[in-house]
Structures are given as structure tokens and as C-alpha cells.
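Chemist: One structure follows; several queries about it will come next.
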């Protein structure tokens with residue numbers, strides 16, 4: 001029983017040594033320095049066990065000899081022990097050269113790539129080429145200096161003193177210059193220049209609307225504020241009948257056409273709807289008037305000075321009844337409704353509508369004009 005157990009231990013040891021020898025064939029190159037003492041010790045233990053049991057043991061094939069061979073192949077391995085020094089070292093294995101066929105194939109593939117599948121990048125021009133272009137475009141520039149555009153020289157401004165001497169009249173030395181003559185503000189306003197083509201189109205528009213008018217010789221009015229495209233209105237045709245303008249106001253043709261449109265399209269219809277009577281006459285005043293706003297002696301010029309405004313004081317119906325604009329703020333007046341309707345519709349045709357309630361200067365008439373308000377000129381005054 002005891003002997004069988006010893007034999008079992010013996011065979012297990014032999015199997016372990018054989019397994020280590022077989023597995024060490026692949027990994028002994030890197031681990032030979034660490035495994036050599038362990039394998040030699042296992043071999044010695046096997047021999048001692050055989051001697052103690054009085055058994056005949058065969059030497060393991062490729063056990064310590066393999067270890068000795070790996071140790072000799074590795075320069076970093078530890079020196080062999082005395083008991084394994086007697087073993088003859090086997091010759092070192094000669095490495096098998098790798099086949100060159102694959103390398104040849106790879107080299108052939110790399111040598112002849114498919115030109116259709118490999119994009120060839122375009123060579124960018126060197127920076128020196130651009131500099132050469134600039135140098136070629138500017139032959140007058142120095143070769144070591146970049147071509148810089150030279151600005152054109154501005155003419156020298158005329159000295160202010162020379163201007164003053166030229167503009168000033170002859171004055172005796174030592175005497176004071178004569179005082180400047182006062183300038184009228186009206187003279188600083190440049191009269192608008194009428195385009196002949198637009199003037200002809202405007203007058204044709206009045207004829208198409210069946211407006212009775214006459215062209216007035218231009219320029220019309222005061223020399224300080226003339227009208228270049230004046231017309232004198234006499235009557236306006238409307239769907240309900242002809243509305244006469246007894247005072248024959250003179251307007252700029254552009255304003256005359258807008259005023260005629262309002263009377264024909266809206267004003268006469270509002271009067272007929274509110275009073276059941278046809279509008280027969282409209283009192284307008286002279287129309288053109290070269291003056292300042294609100295009759296002041298200074299300030300901004302009125303739109304009347306350009307022929308772009310009208311002041312309506314009364315309306316006369318077909319039966320002779322008169323509607324006074326001064327009743328526009330009197331709710332008890334029978335004309336209150338028609339006057340409010342006329343003011344509201346006028347705000348859609350003109351940029352400025354003033355009347356009773358706006359200020360003291362317009363308490364008895366409606367003022368309508370086409371003035372431009374503000375820098376943008378995109379809003380209206382309707383009061």
C-alpha cells in the first residue's frame with residue numbers, strides 16, 4: 001500500500017516534469033532564466049526519489065537538457081548548477097528563415113498600385129510664384145520692395161485768404177467793410193424744378209379725370225418762391241355731378257391732381273351720403289400764397305408757397321345750403337357728421353390735415369397739403 005502510493009507520487013512528478021518540459025518549449029525563450037533552477041531541482045528530486053525507493057528510473061527526455069539548451073541560448077540566464085553541468089549541451093536551434101514569397105508579393109503590390117483608385121494630390125504653387133506675379137504686374141516697382149498702390153495726389157485747396165480777397169469788394173485800406181445786406185429767408189428756398197415729361201403726364205391725368213383747368217405760364221408767383229408747374233382749377237367732374245371752384249385756385253399740378261381725386265372719388269360721395277344733396281361748390285381761397293406758416297413773419301415756409309396746399313372754408317350744396325367748416329367742432333350743428341367724415345377721408349389722400357381744434361390759425365377752415373414730415377417723411381399729421 002505504501003509502495004503504490006509512492007509510485008503514484010513518483011509518476012505524478014514525472015508527468016509534471018514532462019508537462020513543464022513540453023510547455024517550456026514555447027515559453028522558455030523568455031522565461032528560461034527563471035524556470036531553469038526550478039526544473040533542475042525537480043530533476044534532482046526525481047533522482048533522489050528513485051534512489052530512496054530503489055527503483056530503476058529512466059532519464060526524462062528533454063527535461064534538464066532542454067533547460068540547459070534554453071539557458072545557453074539566453075545570455076541573461078543564470079549559470080547552471082553543478083549537478084546539471086555534466087550534461088552535454090545540445091546545439092542551439094537554428095531559426096528557420098521566413099518565406100520570401102509574401103514579401104515579394106507585397107513588394108510587387110506596393111510597386112504597382114492601382115492608379116485609378118489612388119487620388120493624386122495637385123501640387124500647390126509655391127509662394128514665390130505669387131510674389132513673382134505681383135512683381136511682373138508692377139514692372140516699375142523696385143525688385144526689393146513690394147508693389148504698393150500710390151494714391152493720386154489731391155489738388156491743393158485754394159487758400160482761404162485768396163478766396164476772401166477774390167470775393168471781397170475793393171475796400172480802402174484802414175476803412176471798415178460795408179455791412180452785409182440782410183437776406184430774406186424766402187430767397188434761400190430753391191424752387192422745385194418741374195420735369196417736362198412728368199408735367200405732361202400730370203396734365204394728361206387731369207384731362208383723363210375730366211378736370212377743367214388751364215395751364216399757367218411758369219414760373220408762376222413771387223420770384224422768391226415760384227411754382228414751376230402751375231395749373232388753375234375751375235371745376236372737377238364727379239359721379240354725382242360737376243363741382244365748381246369759383247375762386248380758381250392755382251396749384252402745383254401734382255397737388256391739383258390729388259385734390260381732384262379726393263373730391264371726385266370720396267368728397268362728393270360723402271356729402272351726398274350725409275346730406276342727400278349733391279355737392280355743387282367748394283370755396284378754396286387762392287391756393288398758392290408765398291408766405292410763412294400760419295401767417296407768421298418768420299419760421300418755416302408754408303406749403304402754400306409751393307402750390308401744394310389748399311384752405312377750404314365753405315361747401316355749397318345743390319339746393320344752395322352752405323356748410324361752414326367752422327362747425328366741425330360743434331356736435332349740435334347739422335353739418336357735424338359730414339364735416340367729420342370729410343376730415344377722416346382727407347387723411348388718406350394728404351400728408352397734412354388741419355382744421356378746427358388743431359390750433360387757432362385753423363379754427364375756420366380745413367388745411368390740406370402734401371408736405372414731407374421728418375427726415376424719413378413716412379408719417380402724416382391728421383388733426
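Each value in this text was obtained by applying a stated rule to the coordinates, not by laboratory testing. Just so we're clear, the structure is a prediction, and the values are computed from it rather than from any experiment. Note: ideal-geometry Cβ built from the backbone for every residue, glycine included; neighbour counts use all protein chains shown.
Chemist: With label points built 7 Å along Cα→Cβ from the Cα atoms of residue 298 and residue 361, find their separation and express it in nm.
Modeler: 1.5 nm
Chemist: Counting alpha carbon pairs within less than 8 Å and at least 6 residues apart, what relative contact order, in whole percent, applies to region 193-332?
Modeler: 19 percent
Chemist: Run the quick spin-label model on residue 214 and residue 44: label points 7 Å from Cα toward the beta carbon, then report their separation in nm to one decimal.
Modeler: For residue 214 paired with residue 44, the spin-label model returns 15.0 nm.
Chemist: Taking N as the number of residues in region 246-291, what is its alpha-carbon radius of gyration divided by 2.2 N^0.38 Å?
Modeler: Scaled against compact globular proteins, the figure is 1.31.
Chemist: If I stretch the segment between residue 273 and residue 345 completely, what's the gain in nm (0.36 nm per residue apart, minus their alpha carbon distance), one decimal?
Modeler: Extra length from residue 273 to residue 345 when fully extended: 24.6 nm.
Chemist: Once the piece of chain linking residue 207 and residue 10 is laid out straight, how much longer is it, given 0.36 nm per residue of separation minus the C-alpha distance between them? Spell out each step's value before the answer.
Modeler: Details: separation 197, 0.36 × 197 = 70.92 nm, distance 13.81 nm.
57.1 nm is the gain from fully extending residue 207 to residue 10.
Chemist: Still on this structure, I have one more. Evaluate the Kirkwood expression for the hydrodynamic radius of region 196-382, namely the inverse of the mean inverse distance over all pairs of different C-alpha atoms, and round to one decimal in Å.
Modeler: Final number for the Kirkwood radius of region 196-382 is 16.8 Å.
Chemist: Let me ask something else. Viscosity 1.002 mPa s, temperature 20 °C: what is the translational diffusion coefficient of region 259-358 from Stokes-Einstein with a Kirkwood Rh over Cα pairs, rounded to a whole number of µm²/s?
Modeler: Calculated translational D: 148 µm²/s.
Chemist: Quick one: of the DSSP bridges fully inside region 196-382, what percent are antiparallel, nearest 5?
Modeler: Bridges in region 196-382 that DSSP calls antiparallel: roughly 90 percent.
Chemist: Fewest Cβ neighbours within 10 Å first, please rank 5, 257 accordingly.
Modeler: Fewest to most other Cβ atoms nearby, the residues stand as 5, 257.
Chemist: What is the extension gain from residue 333 to residue 382, computed as 0.36 nm multiplied by their sequence separation minus the C-alpha to C-alpha distance, in nm to one decimal? Show your work: numbers first, answer last.
Modeler: Working: separation 49, 0.36 × 49 = 17.64 nm, distance 2.19 nm.
Once the chain is fully extended between residue 333 and residue 382, it gains 15.5 nm.
Chemist: Take 268, 333, 276 and order them by how many other Cβ atoms sit within 10 Å, fewest up front. Before the final figure, lay out the partial values.
Modeler: Values: 268 24, 333 15, 276 8.
The fewest-first ordering by Cβ neighbours comes to 276, 333, 268.
Chemist: Which value, to two decimals, describes the C-alpha radius of gyration of region 195-273 once divided by 2.2 N^0.38 Å?
Modeler: Normalised Rg, Cα atoms only: 1.13.
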